[in-house]
1. If you rank Y85, Y18 by fewest surrounding Cβ atoms within 10 Å, what's the result?
2. To the nearest 0.05, what FRET efficiency results for I66 and E150 with a Förster distance of 45 Å applied to their C-beta separation?
3. Kindly list the residues of the stretch 116-133 that lie in the label zone of R140, defined by a backbone N under 12 Å from the point 7 Å along the Cα-to-C-beta vector.
4. Remind me, what semi-axes does the stretch 19-148 give for its equivalent ellipsoid, largest first in whole Å, using sqrt of 5 times each Cα gyration tensor eigenvalue?
5. If the cut-off is 19 Å between C-alpha atoms, which aspartates and glutamates fall inside it for K139, apart from same-chain ones fewer than 8 positions away?
6. At L86 and D14, where each label point lies 7 Å from the Cα along Cα→Cβ, what is the point-to-point distance in nanometres?
7. Would you mind ranking V27, V101 by Cβ crowding within 10 Å, fewest neighbours first?
8. Over every pair of different alpha-carbon atoms in the stretch 110-178, take the mean of 1/r and invert it; report that Kirkwood radius in Å.
Amino acid sequence: MSKEDASLKMSDEDLTQYIYLIRGQKVMLDRDLASLYGVETKQLKRQVNRNLERFPSDFMFELNEIETQNLRSHFGTSSWGGNRYLVMAFTEQGVAMLSSVLNSKKAIAVNIEIIRVFTKIRQMLLDNTELRLEVEKIKRKTENNSKNIEVVFRYMDEFIEKKENPKPQKSIGFKTKP
């Protein structure tokens, strides 16, 4: 790994702070990606607009006014000023596609790190789902066990009651006259 490659390496935490959940998808915003790639946002948007056929709606979408306002309120203040253009949000596939339109070494290196982070997030979600399923299985078993234990105790109570209050038994055999 060259000295330049090592300087481009970012921590997972650094990258995950730029991933947002919008429209139920994990996305990165154009301004954050431009900053990571070391280019101006307008340059990134220009390259995307020149290659729109590479960015279908499941790769990239523009935020509407309400989403943009929600995003601004998330940051508290608008540190990025008023936008003349709608903010672009890129899914994992869109970020991967950006490496083909931004063809610098830094863009490629950053993209590789971003894709690795998305992959780790997906794996963590999968691991959580598997863990949740296992917990549900255990819950179902314990619920069944609880029901079974209740039945056992009910039978024991009935048995103890029968022992303490036995029914008078009829004698079997010949009746003798007094």
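1. Least to most surrounded, the residues fall as Y85, Y18.
2. Details: r = 52 Å, r/R0 = 1.16.
Result of the calculation: an efficiency of 0.30.
3. 133
4. Output for the stretch 19-148: semi-axes of 38, 19, 12 Å.
5. By straight Cα distance, K139 reaches D127, E130, E150.
6. Output for this residue pair reads 3.2 nm.
7. Ascending number of Cβ neighbours within 10 Å: V101, V27.
8. 18.3
Where a number appears in this text, it was derived from the coordinates with a stated rule and is not lab data. Just so you know, these numbers come straight off a predicted model, no measurement behind them. Cβ sites come from the backbone with ideal geometry, for glycine too, and all protein chains shown count toward neighbours.
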